[in-house]
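The structure appears below as structure tokens.
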Ligand SMILES: *Cc1c(COP(=O)(O)O)cnc(C)c1O
């Protein structure tokens, strides 16, 4: 079976792991963590960054930093991974689900304003497949209504909107290094704090609720418990792994680019069968995170996935729109219809893409897609 994803090893991970061991510092916030922070600052221009043990943790940290009051509301897309929402649901923040664009999984900026009430505190956007949301529009809406913006850029390392890296627009940006993402440390995440007002407190929460940063910088003679906090660090072992992957970012990205572009060129014919291919506008870049196609209906989508699987290729769908989930329907008692999110949930297909996908396997997948249409239309 050709898998959907396979973790990529650069070959350099073990050298950095040896350094961690030699340093004698295996827990978090050591030399390798600091080096990763510096790379994010110098490569992408992010000013304030904190490595976390997952993107979910980084979102939780953001949810703690925002001063949500009882009944405050968060606007977020329904078509996203559950971890975009759980950190906020955990704190009983009211979730207001917004639909996707009709031709793209990203949040539809035209539908945001209708959801804004005097209780709205923040908007969370997800850049699906590293394809930027319309950030000019979203930031304009946020500033008009004085709302906080959180960018779930989990998919989006090395992707840009009008030449500015994703994760650098909102008050907060979040990136994931889960093994399914382009750059990975097994599990890991990054919190980007673009709004300086939150930076000191972000460090306190990250330091388990203590002012240990001030202590490390010699500003206080001991550190103590000063605020809420939790254990959001990754270990130095994970940071070392990430460090090696970051060194090899360009290699990883060029391997993924080749596969992605091969798919697009070879599969353009599927538009003749009412399938949709991914497309970009001039403000967006591609980081080759996901190669997705949209089937004309749910039945054809299921037939396609089954055909691929029966012939040794694992293609997948996602996401169950969050407003259709058991938790949202039964616990949050939200009953909504969001046609575009439901359409993507029923019709979107992801083909295997990972840095080590061989030319042979790539051609096999492409041939299989072709034969699916041949056998459907003979
Ligand atoms: C992967 C992902 C997350 C969660 O990332 P973890 O690092 O696994 O916690 C959150 N949001 C989106 C959109 C994701 O794809």
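The values are calculated or read from the model by the stated rules, or taken from the named source; none is laboratory data. Just so it is clear, the model here is predicted, and its values are computed rather than measured. Note that each Cβ is placed from the backbone with ideal geometry, even for glycine, and that neighbours are counted across all protein chains shown.
Need the failing condition index for residue 105 against (1) under 21 Å from residue 284 (Cα atoms); (2) part of a helix (DSSP H, G or I); (3) touching a residue at least 24 places away in the same chain (Cβ under 8 Å), just the number.
Tallying (1) under 21 Å from residue 284 (Cα atoms); (2) part of a helix (DSSP H, G or I); (3) touching a residue at least 24 places away in the same chain (Cβ under 8 Å), residue 105 fails exactly one: (2).
With the requirement that a residue be over 13 Å from residue 51 (Cα atoms), within 25 Å of the chain's Cα centre (by Cα) and either in contact (Cβ under 8 Å) with a residue 40 or more places away in the chain or buried (at least 17 other Cβ atoms within 10 Å of the Cβ) (or both), what does region 196-229 give you?
196, 198, 199, 201, 204, 229
Residues of region 73-95 being buried (at least 19 other Cβ atoms within 10 Å of the Cβ), more than 16 Å from the ligand (Cβ to nearest atom) and in a loop (DSSP other than H, G, I, E, B), which ones?
Selection gives 93 alone.
Limited to region 151-181, what total is found for residues that are within 11 Å of the ligand (Cβ to nearest atom), over 15 Å from residue 124 (Cα atoms) and in contact with a helix residue (DSSP H, G or I) (Cβ under 8 Å, 6 or more places away or on another chain)?
Taking region 151-181 as the starting set, the residues that turn out to be within 11 Å of the ligand (Cβ to nearest atom) are 151-156, 174-181.
Next, from what is left, pick out any that are over 15 Å from residue 124 (Cα atoms): 176-181.
Subsequent filtering for residues that are in contact with a helix residue (DSSP H, G or I) (Cβ under 8 Å, 6 or more places away or on another chain) retains 176-178.
Final tally of qualifying residues: 3.
Could you grab me the full set of residues in region 139-150 that are within 16 Å of the ligand (Cβ to nearest atom) and either in a helix (DSSP H, G or I) or closer than 14 Å to residue 61 by Cβ (or both)?
Going residue by residue through region 139-150, those that are within 16 Å of the ligand (Cβ to nearest atom) are 149-150.
Selection gives 150 alone.
Which one of 27, 42 is touching a residue at least 40 places away in the same chain (Cβ under 8 Å) and either at positive phi or exposed (fewer than 13 other Cβ atoms within 10 Å of the Cβ) (or both)? Outline the logic, then answer.
Details: 42 fails: touching a residue at least 40 places away in the same chain (Cβ under 8 Å).
Selected residue: 27, the only one of 27, 42 that is touching a residue at least 40 places away in the same chain (Cβ under 8 Å) and either at positive phi or exposed (fewer than 13 other Cβ atoms within 10 Å of the Cβ) (or both).
Every residue, every condition in (1) more than 16 Å from the ligand (Cβ to nearest atom); (2) part of a loop (DSSP other than H, G, I, E, B), yes or no:
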{"residue": "7", "(1), (2)": "no, yes"}
{"residue": "10", "(1), (2)": "yes, yes"}
{"residue": "27", "(1), (2)": "yes, yes"}
{"residue": "34", "(1), (2)": "yes, no"}
{"residue": "41", "(1), (2)": "yes, no"}
{"residue": "59", "(1), (2)": "no, no"}
{"residue": "62", "(1), (2)": "no, no"}
{"residue": "97", "(1), (2)": "no, no"}
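Can you spot a residue in region 139-157 that is out of contact with any strand residue (DSSP E or B) (no Cβ under 6 Å at 6 or more places or on another chain), crowded, with 20+ Cβ neighbours inside 10 Å, closer than 30 Å to residue 254 by Cβ and at pLDDT 95 or above? Give the steps one after another, and end with the answer.
Just the residues of region 139-157 that are out of contact with any strand residue (DSSP E or B) (no Cβ under 6 Å at 6 or more places or on another chain), to begin with: 139-141, 143-146, 155-156.
Then keep just the ones that are crowded, with 20+ Cβ neighbours inside 10 Å; that gives 155-156.
Narrowing the set further to residues that are closer than 30 Å to residue 254 by Cβ leaves 155-156.
Now narrow it down to the ones that are at pLDDT 95 or above: 155-156.
Scanning region 139-157, I find at least one residue that is out of contact with any strand residue (DSSP E or B) (no Cβ under 6 Å at 6 or more places or on another chain), crowded, with 20+ Cβ neighbours inside 10 Å, closer than 30 Å to residue 254 by Cβ and at pLDDT 95 or above, so the answer is yes.
Would you check which residues across region 185-195 are within 16 Å of the ligand (Cβ to nearest atom) and either crowded, with 22+ Cβ neighbours inside 10 Å or modelled with pLDDT under 95 (or both) and list them?
Kept after step one, since they are within 16 Å of the ligand (Cβ to nearest atom), are these residues of region 185-195: 185-192.
Within region 185-195, 185, 188, 189, 190, 191, 192 qualify.
Among the residues in region 321-334, are any surrounded by fewer than 15 Cβ atoms within 10 Å (Cβ to Cβ), closer than 19 Å to residue 3 by Cα and without any contact (Cβ under 8 Å) to a residue 60 or more places away in the chain?
Start the filter on region 321-334 by keeping residues that are surrounded by fewer than 15 Cβ atoms within 10 Å (Cβ to Cβ), which leaves 326-327, 329-331, 333.
Subsequent filtering for residues that are closer than 19 Å to residue 3 by Cα retains none.
No, the conditions are met nowhere in region 321-334.
Determine whether region 215-233 contains at least one residue that is in a helix (DSSP H, G or I), out of contact with any helix residue (DSSP H, G or I) (no Cβ under 9 Å at 6 or more places or on another chain) and closer than 24 Å to residue 58 by Cα. Spell out the reasoning first.
Our first condition is that a residue be in a helix (DSSP H, G or I); within region 215-233, this holds for 215-216.
From what's left, out of contact with any helix residue (DSSP H, G or I) (no Cβ under 9 Å at 6 or more places or on another chain): 215-216.
Narrowing further to those that are closer than 24 Å to residue 58 by Cα: 215-216.
Yes; the residues of region 215-233 include at least one that is in a helix (DSSP H, G or I), out of contact with any helix residue (DSSP H, G or I) (no Cβ under 9 Å at 6 or more places or on another chain) and closer than 24 Å to residue 58 by Cα.
Looking for something crowded, with 20+ Cβ neighbours inside 10 Å, in a loop (DSSP other than H, G, I, E, B) and in contact (Cβ under 8 Å) with a residue 40 or more places away in the chain - is there at least one such residue anywhere in region 254-264?
Checked region 254-264: no residue is crowded, with 20+ Cβ neighbours inside 10 Å, in a loop (DSSP other than H, G, I, E, B) and in contact (Cβ under 8 Å) with a residue 40 or more places away in the chain.
Is it the case that residue 211 is away from the ligand (no atom under 16 Å from the Cβ) and touching a strand residue (DSSP E or B) at 6+ places or on another chain (Cβ under 8 Å)? Break it down stepwise before answering.
Values: away from the ligand (no atom under 16 Å from the Cβ): yes; touching a strand residue (DSSP E or B) at 6+ places or on another chain (Cβ under 8 Å): no.
No, not satisfied.
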